[in-house]
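Inspection log for the structure reproduced underneath, given as structure tokens.
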Amino acid sequence: MESDRVRWNQRYREGAYVTRKHPTSLLSDWLERLPHAVALDLACGTGRNARFIAQSAHRVIGVDISDVAIAQARELASHLDNVHFEIADLDNGISLGQQFDLIVMVRYVNLELMQKLPDFLVPGGAILVEEHLRWDDPAIELAGPKNPDYRTEPGAVAQALSYLETLHSFEGLVDDPLGEVSALAQFIGTKT
């Protein structure tokens, strides 16, 4: 959707996420235990997770709707020859025509796409998902979007990927590396 591209381009032009150079903690904690020779990072932004995976992968593709974010991602990964970034609107699905050992989807809510991701995995491949979670406690100042449309309902991620073998499933509050509190839904599963 063009309005999404415009909105995200503006956010990246204004320096959104410029301090987030580290991979998501879930990925850094689990990557060694997951197959990842060929990996896909969906809604990759400036490519922080893709660059982290590329340190030990054969090939990584990062996809995002924002051409500004992708330009930044390409610049930040210019020293890596095994990372490729593409501009695409994931609301229209994935049209990469290949399968992956690992698919990463961090903080991009699209349950319909999420349900289709196992089709893009090799047998034994893994999916790692981390989403902002709806959390009804007004006493806690949460990091992340205020609009509930950009947060998942409790149980939604695990349900969307219920046909995978679950390696990790968590919903709750976590301390962000930047010192903020986030309500997150996390899921890691493998295709058997």
_Ignoring everything except DSSP H segments at least 4 long, calculate the 222 nm mean residue ellipticity for the chain; use -39,500 (n - 2.57) per segment, divide by total residues, nearest 500._
-6500 deg cm²/dmol
*So which lysines can LYS191 reach, going by Cα to Cα under 28 Å and dropping same-chain residues fewer than 8 places off?*
LYS116
*asked:* Just to verify a number: FRET efficiency for LEU80 and ILE140, C-beta to C-beta distance, R0 = 35 Å, to 0.05?
replied: 0.40
*State to the nearest 20 debye the size of the charge dipole of the chain about its Cα centre, where the only charges are +1 on K and R beta carbons and -1 on D and E beta carbons.*
420
*Using a cut-off of 11 Å between beta-carbons, work out the net charge of the residues near PHE85 (Lys and Arg +1, Asp and Glu -1, PHE85 not included).*
-3
*Where does each of LYS21, LYS191 land when they are ordered by accessible area, with a 1.4 Å probe and the largest first?*
LYS21, LYS191
*Determine the sum of side-chain charges near GLN55: Lys and Arg each +1, Asp and Glu each -1, restricted to other residues whose C-beta is under 14 angstrom from that of GLN55.*
+1
*asked:* Ratio of alpha-carbon Rg to the 2.2 N^0.38 Å globular estimate for the stretch 115-192, to two decimals, please.
replied: 1.20
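The values are calculated or read from the model by the stated rules, or taken from the named source; none is laboratory data. Note that the structure is predicted; figures quoted are calculated from it, not measured. Glycine also receives a Cβ, built like all others from the backbone with ideal geometry; neighbour counts cover every protein chain displayed. All accessible areas refer to the heavy atoms of the entire protein, side chains included, with ligands and DNA or RNA removed. Shrake-Rupley method; radii C 1.70, N 1.55, O 1.52, S 1.80 Å.
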